[in-house]
1. Taking the convex hull of the alpha carbon atoms in segment 182-221, what volume per residue do you get, in Å³?
2. Can you tell me which of PHE69, PHE80, PHE207 moves the most in a GNM of the chain? Springs connect C-alpha atoms under 10 Å apart.
3. Percent of accessible area on the chain owned by carbon and sulfur, 1.4 Å probe?
4. Could you work out the relative contact order of the chain? I mean the mean sequence separation of Cα pairs under 8 Å and 6+ apart, divided by the number of residues, in percent.
5. Just the number, please: Stokes-Einstein D of the chain in µm²/s, Kirkwood Rh from C-alpha pairs, 25 °C, 0.890 mPa s.
6. Over segment 230-311, what relative contact order in percent results from Cα pairs under 8 Å that are six or more residues apart?
7. In Å², what does the accessible area per residue of segment 3-103 work out to with a 1.4 Å probe?
8. If you project the alpha carbons of segment 70-118 onto their three principal axes, what span does each projection cover, largest first, in Å?
Amino acid sequence: MSEFHHISVLLDECIEGLNIRPDGIYVDGTLGGAGHSSQIAARLTTGRLIGIDRDPIALKAAGERLAPFADRVTLVHSNFCEIANVLEDLEIEGVDGILLDLGVSSPQLDDGSRGFSYMVDAPLDMRMNNGDALTAEEVVNTWSYEQLRRILFDYGEERYAPQIAANICRVREERPIKTTLELVDVIRSAMPAAALREKQHPAKRSFQAIRIAVNDELGAVRQVMDDAIPKLNPGGRLAIITFHSLEDRIVKNGMADAARGCTCPPNFPVCVCGKKPSVKILTRKPIVSGDEELERNPRARSAKLRICEKI
């Protein structure tokens, strides 16, 4: 089997939340190592699982793990935000459940050669799909000071974003920044001594921000919130795990909008918009990992699971 082992976050909670029917059609839009998908597929008899991933390495490993269920699994190399097109291509009008785990897989983070890690020297890449054009090297060396400052602050919640962006711009005037550890040095040298003594690695937030920008992760979440709910059959469920406050806000607001009925101003005597709720929210507060899971997988600490059901 390919070396792509990933610990699935909130696995039991996702499976329970999806309320899987043996004859249902389900989509795992972020297949990864197929931890969630293998549990979904095992519960199907005449049903079908559509597994989507933008990372061809993950897709290959998932195919090997799902081989025992090959008769009920279809794998697709695509981005989860293309779910509407994927289902249309497969001539599937509606599905009974959609699962999205928006975290970066541990093998992607740990594989130094892919440029996600600030602990191993590698070319600045960070593409989840190596067929995409934009790389971290291009972002770091060509984006303006203001663009860099904005993504570091907004996507990484990095309080030293102005200093780091300015230092990137200063260094790249002398030479291109080509590797992960070169970028780590640039980030470190822009931060005050007190920040360097913090428990968290000084480059963690900046690397997160650049990765989100390279892969347009937030744009993909906005797109899927528009496209996924209309593809659910009545009673079908959408379950989404987020790891970042910006992603969680998009998911929370998207589900809330779909669960809201009339949007007419309160002073209107009768409804003229005709808007009806399309889902009911099943998680008033997001589901988070318990102590046992956190001990087993510390990366689950920031995970939040939200679930809604099509009306």
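1. About 71 Å³ per residue, rounded to a whole number.
2. Judging by the Gaussian network model, the answer is PHE69.
3. Carbon plus sulfur share of accessible area: 50 percent.
4. 17 percent
5. 118 µm²/s
6. Taking the mean separation of contacting Cα pairs over the length of segment 230-311, I get 45 percent.
7. 41 Å²
8. 43, 24, 18
The values are calculated or read from the model by the stated rules, or taken from the named source; none is laboratory data. Every value quoted in this text rests on a predicted model; they were computed, and no experiment measured them. Cβ atoms come from the backbone with ideal geometry, glycine included; neighbour counts cover every protein chain shown. Only protein heavy atoms, including side chains, enter the accessible area calculation; ligands, DNA and RNA are left aside. Shrake-Rupley method; radii C 1.70, N 1.55, O 1.52, S 1.80 Å.
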